[in-house]
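*Asks:* Input: one structure, supplied below.
The values are calculated or read from the model by the stated rules, or taken from the named source; none is laboratory data. Since we're looking at a predicted model, the values are computed, not measured. A quick note on method: Cβ atoms are made from the backbone with ideal geometry, for glycine too, and the neighbour counts reach across all protein chains shown.
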Amino acid sequence: MQPDADGTVRQPEADSQDTNDFAAMLAAHRQQPAATPHLVVLVIHLDRFTHANETLGAQPALRLRAQAAARIAALAHPAEIAWLGQADIGVIVALPPGGAPPMEAALRLGRSVGAGLARPFQQDGFELFLSSSIGVAMDDPVKPAERCLHEAYDAMLRVRKRGGDGVAGDTAAASPPLATPLLAALPYALARGQLSLNLQARASLATACVTGYTVRLRWQSPELGRVAPQDFLPALEALGLMGDVAHWLMENALPMLGCTGIPSPVALSFPVSSAQLHGTPMIDTLLRTLEQEQFDPARVCLEIPAAALPAGDREAAGKLARLRRAGLRFALSDFAEAPDGTATLERLQPDLLTFNARSIGNADQAGPPGQRNAAVARLQAACEQAQRLALPVCARGIETRLQLGVVRQWGCSDMQGYLLAQPFPVHWLAQTHAAICARARELLG
């Protein structure tokens, strides 16, 4: 499975006056007689809070903000906390003297705050789940306070570019020490029950029915906290553990095809990296499990990036032919980036095309306006090309009704994203499916 760090990261949402006030607060803190030599600045972005705000409404969203701030205050005590924008929080906290090196202790604090924010929030009888992107910077009195804040912001943005839900230090050198603990802990993650599966729904724009779920692999480590898929999946492959994990994944995910309480059959999609496609463990395990359990292979779809299937790659073409003979379906992800466009689609004839729609309608998206407009125009042209070839297209990362309206105008057949439903643990499927179907009917009907 490949990471689902899906989408373009927007620029910080902070208000300039708020950042100026926060920098002044940090400068004042430095002047206090009892100021510690080790001050830490955290910039915390509440991932998907904008979507929660649109879904809940103004008053519940304000209560959610208050709950998040209170949780941070309890975890980073004593701290000074200020909102830097709708979803961004600045924190100044003093590290206790002694103990671990300052940056190591600061990153540990950031992971503790991230784990605390990942616990469900109660709102009007419902449970809401937020992850967080956290940037950490060590304060240096020699630097302007504004610079320290910007370093924490830059670190937070690096986390968001990796898909969110993580912690990064203010320099690229601050993160690598996590590699050794990660490699040491990863071989035991499966045996200790630290790996889990999430599902995210996909719905048809034409029928407003839930047509399938994408399977996401997650790792929650007691020592490292939540580890981003893009960090641990390559390590699984490098350590030769993908075969064991693939076997566990299929054993736990494929039984969902026979889940009771779901009136209509749904499909399962598995994102597959280039390395997994060219290797054998995952594909062999998938085919063997389907045969042993007598599941319908047509209800399994492998999402393969366009870059993994270049023209002339006979090995990849052979693997793809083997999957087709077994009756599986496959989706070509990020097809707008295929190097030879129409020729690639005609050559591969995928069952489904997918692309990331988060860049649509985001005025605060990173990058100059000309580049943003060019990227959206390229997506639209790719969708029109797919229509001419009668290939269905799923728009992923739909977060707003504006994005939904645009992809409908482009002729997309399916949608997936937080506007429909956020990912949830696989064992919730029987209890959650009906609610997601109702949401699909309300949103798309």
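*Asks:* Scan Glu146, Glu54 and give me the residue that is surrounded by fewer than 19 Cβ atoms within 10 Å (Cβ to Cβ), of a type in the set (Asp, Glu), modelled with pLDDT under 90 and under 23 Å from Arg358 (Cα atoms).
*Replies:* Working: Glu146 fails: under 23 Å from Arg358 (Cα atoms).
Answer to the check: Glu54.
*Asks:* Sticking with this one: Does Val215 count as crowded, with 19+ Cβ neighbours inside 10 Å and either among the aromatic types (Phe, Trp, Tyr) or under 24 Å from Ile134 (Cα atoms) (or both)?
*Replies:* no
*Asks:* For the range 56-156, please list each of the strands (runs of 3 or more DSSP E) lying entirely inside it that holds at least 3 residues being closer than 23 Å to Pro222 by Cα and not charged (D, E, K, R).
*Replies:* Answer list for the range 56-156: 132-138.
*Asks:* I've got another one for you. Please go through (1) of a type outside the set (Asp, Glu); (2) closer than 15 Å to Leu352 by Cα; (3) not in a helix (DSSP H, G or I) for Ala298 and return the number of the only condition it doesn't satisfy.
*Replies:* Going through the list (1) of a type outside the set (Asp, Glu); (2) closer than 15 Å to Leu352 by Cα; (3) not in a helix (DSSP H, G or I), Ala298 breaks only (3).
*Asks:* Output the residues belonging to the range 186-207 that are surrounded by fewer than 18 Cβ atoms within 10 Å (Cβ to Cβ), touching a Phe, Trp or Tyr at 6+ places or on another chain (Cβ under 9 Å) and not in a loop (DSSP other than H, G, I, E, B).
*Replies:* If the condition is that a residue be surrounded by fewer than 18 Cβ atoms within 10 Å (Cβ to Cβ), touching a Phe, Trp or Tyr at 6+ places or on another chain (Cβ under 9 Å) and not in a loop (DSSP other than H, G, I, E, B), then Ser196, Asn198 are the ones that fit.
*Asks:* Filter the range 339-367 down to the residues that are more than 19 Å from Val406 (Cα to Cα) and assigned to a loop (DSSP other than H, G, I, E, B), then identify the one that is modelled with the highest pLDDT.
*Replies:* This residue is Asp351.
*Asks:* Looking only at the range 208-232, which residues are of a type in the set (Gly, Ala, Ser) and in a strand (DSSP E or B)?
*Replies:* Kept after step one, since they are of a type in the set (Gly, Ala, Ser), are these residues of the range 208-232: 208, 212, 221, 225, 228.
Gly212, Ser221, Gly225 - these are the residues of the range 208-232 that are of a type in the set (Gly, Ala, Ser) and in a strand (DSSP E or B).
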